[in-house]
Amino acid sequence: MRSPLMSGSMEHHMRSCLALADEAATLGEVPIGCLITDPHGRVIARSHNRTRSQHDPTAHAEILALRQACAHLQVARLDGSCLYVTLEPCAMCAAAISFAHIHTLYFGAYDPKGGGVEHGPRFFQQPTCHHRPHVIGGICEQDCAQRLQQFFLTKRPQSPA
């Protein structure tokens, strides 16, 4: 779903995710940042992609933030919590978001190639999905997409025509 008019806290949290994405990029990681808030709006976890540094294909920002939030609260489910991330989650992360019982998922850029929420498998729309969070996409979409485009331009330079 496209983002409605943005609230101040939505934009503030996404700007924090963008700062985490910038941190990831400086470490050579794909610039994706994520944070989780508790039901009262307090930030309880924050992370960025670490797949390269941890040599772990599951070390996506969302997975790491979910682990951190669950450990912080000493629970397996994050009922009432919100997850903010700069890119539409992949199918793996969408499944983890569902299993964690995230209340609302906010994401920045849409991902037609690898997304699992609004694209690809559309995980939350499957009959086997037992928990479907509210989903709001397109928050700070241009800024989020620009970070990724810039990163991949440096990794995959365009050849001269």
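The values are calculated or read from the model by the stated rules, or taken from the named source; none is laboratory data. All figures in this text were calculated on a predicted structure; none of them were measured in a lab. No Cβ is skipped: glycine too gets one built from the backbone with ideal geometry, and neighbour counts run over all protein chains shown. What goes into the accessible areas is simple: the full protein's heavy atoms, side chains included, and nothing from ligands, DNA or RNA. Shrake-Rupley method; radii C 1.70, N 1.55, O 1.52, S 1.80 Å.
Things worth noting here:
- Of all accessible heavy-atom area on the chain, the percent that carbon and sulfur account for (1.4 Å): 54
- Considering only beta bridges that DSSP places wholly inside the chain, some 50 percent are antiparallel.
- Ranking 135, 20, 100 by Cα position along the charge dipole of the chain, where only Lys, Arg, Asp and Glu carry charges on their C-beta atoms, puts 100 farthest toward the positive end.
- Database remark: amide H of residue 109 closer than 5 angstrom to the amide H of 87, 88, 145 (H placed geometrically; neighbours at sequence offset of 5 or more, or on other chains; Pro and chain starts carry no H).
- Diffusion coefficient, µm² s⁻¹, Stokes-Einstein with Kirkwood Rh over alpha-carbon pairs of the stretch 88-161 at 10 °C and 1.306 mPa s: 119
- Within the chain, the selection of entire DSSP H helices by a Cα span of 15 Å or greater along the long axis and an average Kyte-Doolittle value of at least 0.5 returns 61-73.
- Extension gain (nm, one decimal) between residue 74 and residue 130, 0.36 nm per residue minus Cα-Cα: 17.9 nm
- At R0 = 35 Å, FRET efficiency that the Cβ-Cβ distance of residue 152 and residue 103 yields, to 0.05: 0.65
- Charge sum, other residues only, whose C-beta stays under 14 Å from residue 123's C-beta, Lys/Arg counted +1 and Asp/Glu -1: -2
- Kirkwood hydrodynamic radius of the chain, from inverse mean 1/r over distinct Cα pairs, in Å: 15.6
- Shown here for the stretch 16-97: trypsin sites (Lys or Arg not before Pro) in loop regions (DSSP other than H, G, I, E, B) with at most 10 other Cβ atoms within 10 Å, namely 42.
- A 1.4 Å probe run over the protein chains yields, for the chain, 52 Å² of accessible area per residue, whole-number rounding.
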